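One structure is given here, and the rest of the page talks about it.
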Amino acid sequence: MNSWENMPMSNEVLTVSQLNRQVGQLLEGHFSRLWVRGEISNFTQAASGHWYFSIKDERASVRAVMFRGRCQAVGFVPKAGEKFEFRATVTLYEPRGDYQLQVESMRRAGRGDLHEAFLALKEKLAREGLFDPARKRPIPAMPATVGVVTSLAAAALRDVLTAMARRAPHVRVIVYPAPVQGLDAAGKLDAALRQAVARAEVDVLLLVRGGGSIEDLWSFNDEALARSIAASPIPVISGVGHETDFTIADFVADLRAPTPTAAAELCCLSHEACARAVRVAFASLAAHQRRLLERASLRLDRAAAMLVSPQQRLGRQALHLQGLSQRLSRAAAQATAAQAVRLDKVRARLAHAQPRPQGLRSELNHRRQALADAARRLLERRRQRLLALAQTLEALGPRSILDRGYAIVRKEDGEIVKNALDLSVGEQIGVELARGSVRANVIRAHGLL
């Protein structure tokens, strides 16, 4: 039977519950299980384990639910911005009259356009080093003034102001208003941030917003805003969305807080922490001062022990002077005695060294005669030795050899002939005798090699 046949007649009056029930039956009867492709948004995981989210494309969105038993079979938790293909049935939630999809299973179908743009910008800025921890500025522990960039109507501003009033009422708060959602929100957030930097009246900046979908938080994924945060000389704390939400501002900020309230808690020490630090510093200062006083007291006691009266000092100096006088007297007496002893020794040496002319003259004559006798004996020994050497020289000389019948044979150039084989037949030689010389010609030569 066609489901349209169960439709009421035009004159029948229905209650709202009846209408919603019939519309639900119509939808469930007309649409069997189907596949729907779309991007997840506004994802929530309830305490019961059910998933509630929206499925959207560029022009429309539809609510969806996936019950715990079905969720456990998926094997992962989807993230907002990712695209999936959903196996679902169309149902109507009768209390509100809203139709929704009851998802039975899902499979990945690629990421959503916004998520793709988010990942592309994140990768670009990461390559440029804007997320590098080395470039992030330290957050001051005790700022005097804190700036907040957010919307005046945002619940995040109330959370920050409440936390600051509770934890650090001594810290001044300046708000730089800018919309946190909408087409021109990113540009106005960037302008507010640059205004805070130009005015240079705060020690740290909080960029905050409450939670929402990826579309709601998209203003904080703006490239110009990210570059302004990186270039800010003032440290920036990002507290955008909930703990599971991440934006480009979170990565480029000097510190990321999970919530706006957490950003207020991280930007400065609490009043109690400051008071505790002051108490600790005061106790340390008091202990240091006490140690200084104790050391000064010890030095004073030692100085007092060393202090003497003028009478005692004069008495000690008089005793010292008397001792020096006695030492001087003894030294003078000892010096006189030593000089007398030295004088006696010099007299004795002088008397011993006094010249005696008569005795010295006799000794001089005796030594002169002894010197003359020694000279004569030395000359006689030298003459005898010279005669002996002359005789030896004469006996060994060539003339004496010639006198014994020997001769000296020389060649025409005067060279002495020692071997007959050195002569040639017919060569003229000279023969030197003891008395005279002869010249001869060689007729025959024989000798030994």
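The values are calculated or read from the model by the stated rules, or taken from the named source; none is laboratory data. Everything quoted here is computed from the prediction, not taken from an experiment. Heads up, the Cβs are rebuilt from the backbone with ideal geometry, glycines too, and the neighbour counts pull from every protein chain shown.
To keep it simple, each residue is scored yes or no on (1) surrounded by 10 or more Cβ atoms within 10 Å (Cβ to Cβ); (2) of a type in the set (D, E, K, R); (3) touching a residue at least 40 places away in the same chain (Cβ under 8 Å).
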{"site": "E394", "(1), (2), (3)": "yes, yes, no"}
{"site": "K418", "(1), (2), (3)": "no, yes, no"}
{"site": "L423", "(1), (2), (3)": "yes, no, no"}
{"site": "V431", "(1), (2), (3)": "yes, no, no"}
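Looking at segment 232-247 only, could you name the residues that are in contact (Cβ under 8 Å) with a residue 12 or more places away in the chain and in a loop (DSSP other than H, G, I, E, B)?
S232, P233, I234, P235, G241, H242, E243, D245, T247
If you take the residues in segment 55-65 that are over 55 Å from the mean Cα position of the chain (by Cα) and of a type outside the set (V, I, T), which one is surrounded by the fewest Cβ atoms within 10 Å (Cβ to Cβ)?
Looking at the filtered set, the residue picked out is R59.
Could you list, in sequence order, all residues of segment 70-98 that are farther than 14 Å from N20 by Cα, of a type in the set (G, A, S) and modelled with pLDDT under 85?
Within segment 70-98, A73, G75, A80, G81 qualify.
Which of the numbered conditions does S238 fail, given that it passes all the others? Conditions: (1) exposed (fewer than 12 other Cβ atoms within 10 Å of the Cβ); (2) modelled with pLDDT of 85 or more.
The failed condition is (1).
Starting from segment 434-447, take each residue that is of a type in the set (G, A, S) and list its partners that are part of a strand (DSSP E or B) and at pLDDT 80 or above, counting only C-beta distances under 7 angstrom and pairs at least six apart or across chains.
S437/G430; S437/V431; A440/I429; A440/V431
Yes/no per residue for (1) basic (K, R); (2) in a loop (DSSP other than H, G, I, E, B); (3) out of contact with any Pro (no Cβ under 7 Å at 6 or more places or on another chain); (4) within 17 Å of G239 (Cα to Cα):
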{"site": "Q102", "(1), (2), (3), (4)": "no, no, yes, no"}
{"site": "R158", "(1), (2), (3), (4)": "yes, no, yes, yes"}
{"site": "A165", "(1), (2), (3), (4)": "no, no, yes, no"}
{"site": "G182", "(1), (2), (3), (4)": "no, yes, yes, no"}
{"site": "V197", "(1), (2), (3), (4)": "no, no, no, no"}
{"site": "E201", "(1), (2), (3), (4)": "no, yes, yes, no"}
